[in-house]
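In what follows, a structure is listed as structure tokens, so that the remarks can point back to it.
The values are calculated or read from the model by the stated rules, or taken from the named source; none is laboratory data. Note that this is a predicted model, so its numbers are computed, not measured. Using ideal geometry, Cβ is built from the backbone for each residue, glycine included, and neighbour counts are taken over all protein chains shown. Note: accessible area is taken over every heavy atom of the protein model, side chains too, but ligands, DNA and RNA are not part of it. Shrake-Rupley method; radii C 1.70, N 1.55, O 1.52, S 1.80 Å.
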Amino acid sequence: MLQYLVILLDDTSTSYCHYGVNKTEHRLISLDDLRRGIRFGMVENLMIQFVYPNYTLPQEYLDVIDTIDHSNIKPMAVLDNDTDIVVIDGWSYDTSKLKDAVVVLRTCWKQLNENHGMLKDLLAVVQRLNVVITDVERMSDSDREQYKAVLETLCKSVETLYVDGKSPQLNLLTDRMMLTAMNNCNAGDTTVTLAPNGKIYICPAFYYENEDDCVGDVVNGLDIKNKQLYRLDHAPICRKCDAWQCRRCVWLNRKTTLEVNTPSREQCVAAHLERNASRDLMLSLRNKGTFLPDKEEIKEITYLDPFEIATQWK
């Protein structure tokens with residue numbers, strides 16, 4: 001059931017996930033389509049998330065946006081007091097401006113390997129940090145081993161912060177410790193996106209990849225083909241998996257396996273490296289005192305890709 005509507009305010013609105021923004025010319029959504037989108041969200045009882053470009057919007061747009069309760073996703077360049085989620089592309093940022101912020105940091109494997117030591121200082125000041133690896137589908141064997149080492153280093157950083165009385169939230173590590181079930185992106189199931197052209201897409205990535213790949217509009221409603229495939233209960237591998245923090249990106253699924261409900265090996269391996277690191281972190285924190293006493297221990301596993309054990313499932 002739909003719960004969220006993402007509205008891209010401009011063709012150059014910031015990316016907050018794996019996809020890249022391949023449009024360079026500003027094209028604001030029309031005021032009429034913006035109003036229709038807000039009305040659609042109200043009628044469907046959806047939480048609206050506005051995604052901003054790298055410049056200040058005209059006041060008339062801000063006035064329309066303020067007619068509805070919403071969340072604002074903004075790039076670092078336009079960070080202000082109305083920002084709910086701030087997006088950082090790369091590793092150039094001013095930590096002093098991010099106190100208690102919810103941050104999405106987009107990075108590639110190479111940059112993460114080179115700069116991950118900076119994350120401890122960032123975790124110490126922000127409310128929450130989501131690290132998005134933009135080329136996760138190109139994970140090599142060396143990337144896999146380096147990522148394991150990166151996660152071990154981040155575990156030590158998070159542990160130190162916990163011991164110091166802080167409560168760092170890092171999607172790669174702390175989410176799996178807290179969750180009791182899958183908590184994925186759910187694009188196409190609980191979330192859809194309104195693009196600047198007035199059409200609706202499964203998520204922003206589908207829009208930037210192919211504008212013709214829409215699933216409706218705010219006038220005529222939605223028409224999602226085989227919409228059950230976007231649900232977890234129709235994902236044969238994911239529904240059995242316990243890497244609950246995985247984003248289960250349906251766009252990456254389609255891009256790499258041609259099936260929206262089937263992830264690539266790279267996405268699974270990265271998620272299970274995170275899962276295993278979360279297990280180690282939880283055990284380490286429990287050795288230092290009471291930590292999540294009512295939460296079951298994360299089980300030890302012998303695989304990184306659940307497809308390897310799929311024949312054991314009933």
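Highest average first, the peptides 214-227, 108-121 ordered by how many other beta carbon atoms sit within 10 Å of their residues are 108-121, 214-227.
Protein heavy-atom surface of the chain, 1.4 angstrom probe: 45% of the accessible area is carbon and sulfur, with nucleic acids and ligands not counted. Based on every Cα atom in the range 240-281, Rg and the maximum pairwise Cα distance Dmax equal 10.8, 35 Å.
The listed peptides 90-97, 69-76, 269-276, ordered by packing as a protection proxy, come out as 269-276, 69-76, 90-97 (highest mean of other Cβ atoms within 10 Å first).
With the largest listed first and rounded to whole Å, the semi-axes of the equivalent ellipsoid of the chain from the Cα gyration tensor are 32, 24, 18. Of all the options 140, 167, 15, the one that moves most in a Gaussian network model of the chain with Cα springs shorter than 10 angstrom is 140. Each label was represented as a point 7 Å from its Cα along the Cα-to-Cβ direction; for residue 114 and residue 42 these points are 4.9 nm apart.
Coupling constants for the range 179-185 follow from the phi torsions by the Karplus curve (6.51 cos²θ - 1.76 cosθ + 1.60, θ = phi - 60°), and in residue order they are 6, 10, 6, 4, 9, 9, 5 Hz; glycine and proline get x. The charge dipole of the chain, taken about its Cα centre with unit charges on the Cβ of Lys, Arg, Asp and Glu (plus for the first two, minus for the last two), comes to roughly 820 debye. Can you pull the percent of Cα pairs in the range 175-314 with separation above 23 Å? The answer is 43 percent, as a whole percent. Each listed q (0.15 Å⁻¹) maps to a log10 I(q)/I(0) for the range 14-123 from the Debye sum over equal C-alpha point scatterers, namely -0.75. Normalised by the number of residues in the range 147-268, the average gap of Cα pairs under 8 Å and 6 or more apart makes the relative contact order 22 percent. Rolling a 1.4 Å probe over the protein heavy atoms gives the chain an accessible area of 49 Å² per residue.
For residue 126, nonlocal amide neighbours, meaning residues 5 or more places apart or on other chains whose placed amide H falls under 5 Å from its own, are 100.
Restricting attention to the range 1-140, lysine pairs at least eight places apart or on different chains and with alpha-carbon atoms under 19 angstrom apart total 6.
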